[in-house]
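For reference, the structure is listed below as structure tokens.
The values are calculated or read from the model by the stated rules, or taken from the named source; none is laboratory data. As the structure is a prediction and not an experimental result, all values here were calculated from the model. Please note: Cβ atoms are built from the backbone with ideal geometry, for glycine as well, and neighbour counts cover all protein chains shown. These accessible areas exclude ligands, DNA and RNA; they are computed on the full protein's heavy atoms, side chains included. Shrake-Rupley method; radii C 1.70, N 1.55, O 1.52, S 1.80 Å.
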Amino acid sequence: MNGFPAKRMRRLRKSAAIRDMLAETHLSVDRLVAPLFVRPGRGLRSEISSMPGQFQFSPDEAMETIRRWADAGLRAVLLFGITQSKDAVGSAAWDDNAAVQQLTRNIKQALPEMLVVTDTCLCEYTEHGHCGTVAELPDGRVDVDNDATLDSLAKAAVSQARSGADVVAPSAMMDGQVAAIREALDAAGLTETLILSYAVKFASSLYGPFRDAAESAPAHAELEGRQTYQMDHRSCSQAIPEARMDADEGADMLMVKPAAAYLDVIAQIREQLRLPLAAYHVSGEYAMLKAAAGAGWLNEREAVLEITRSIRRAGADLIITYYAEQLADWLA
Ligand code: PBG
Ligand code: ZN
């Protein structure tokens, strides 16, 4: 009984009822996190040209959108801040009155059940667009100074958590950032704030549209983009140690990013670590789908459901996606 014609695999697919009964991967709005870009001001809502359907909002306009998301069943947002007041170290990141902190307070007041996740990084706040303090290191290289950056990240996380963020999500890829943030949060009495670590984050061309959205394209050609801190896409063997390190430092949840092009990495982390796992379907992955759908080259709904389910199938518990609102609609 181990071959054709006695065995016929197609019997398992012969009707919708059988296919649905055997479906192993399920998607629900509970699993989705919707990213949002906020900048200071009032009445601002400008579409990001490389990310159709995504906007930069002022806090008031953002609230309107987030209320709509809540009505659609979405339960978590991921906030990114944009600022005009950039400096060498990114000090606006820990300004309690910056747009992210302000919007966080507004959300928690109006929609206390909505989970607020804040991206904890410095690239939106530094004038050079890097995720930390750039300095000449002892070996003569100019690079992001890992240890000098930890204090800045910790201050940003504390400011975000104090504003009411449920989860802080450090994305700078500095060694030791989770420990530094956990220690600072606990010292400030913020022991209930979760850390979702961007533990396995690759240096990816797929972040291109995001850098338009967040106005955070990195300068300093000598740093080759962010390749001295984000991972090399040609290598996967650092993924487990990166994830383990963050788990040991106290991360509550881990993330792999990008998502759809890195399903192998998601599957490995899922197998090796038992922490809740998020995957970030990033701006470039969104932009590609939007472009193809806009040109009429594929069925957007079917393609997005397939890719998002594939990210779940690979092992992600949560999916951060710019398609969150559309998915909520499609899944309803
Ligand atoms: C900031 C950050 C980036 C993204 C999330 N947090 C950009 C980067 O590292 O260059 C990318 C998200 C996306 O492309 O959707 N460190
Ligand atoms: Zn960054």
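Observations, loosely collected:
- When DSSP beta bridges are restricted to pairs lying wholly in the chain, around 15% turn out antiparallel.
- At R0 = 51 Å, FRET efficiency that the Cβ-Cβ distance of ARG141 and ASP252 yields, to 0.05: 0.90
- You can think of it this way: the chain between GLN238 and GLN272 has 11.0 nm of extra reach, that is 0.36 nm per residue less the Cα-Cα gap.
- Relative contact order (%) - the chain, alpha-carbon pairs under 8 angstrom, separation at least six: 18 percent
- Between the range 45-70 and the range 153-201, the alpha-carbon centres lie 25 Å apart.
- SER15/LEU298 FRET efficiency (R0 30 Å; Cβ-Cβ; nearest 0.05): 0.70
- Accessible surface for the range 116-197, divided over its residues, is 33 Å² per residue with a 1.4 Å probe.
- Packing order of peptides 287-296, 310-319, highest average first: 310-319, 287-296 (average count of other Cβ atoms within 10 Å over each peptide's residues).
- Label point 7 Å beyond Cα of ASN97 along Cβ direction - residues of the range 41-61 with amide nitrogen under 17 Å: 41-42, 59-60
- Gyration tensor verdict on the range 25-331 (Cα atoms; rounded if a/c is under 1.5, prolate if a/b is larger than b/c, oblate otherwise): rounded
- Relative to the current alpha-carbon distance between THR65 and ARG45, full extension at 0.36 nm per residue lengthens the span by 6.2 nm.
- As a length-normalised measure over Cα pairs under 8 Å and 6 or more apart, the relative contact order of the range 249-311 settles at 37 percent.
- Per-residue SASA entry for TYR262, accessible area with 1.4 Å probe, Å² rounded to 10: 20 Å²
- Taking every protein chain into account, the 1.4 Å probe leaves HIS130 with about 0 Å² of accessible area, to the nearest ten.
- Accessible area, probe 1.4 Å, largest first, for residues ARG39, ARG162: ARG162, ARG39
- For ALA23 and ALA88, the difference between the fully extended length at 0.36 nm per residue and the C-alpha to C-alpha distance is 18.3 nm.
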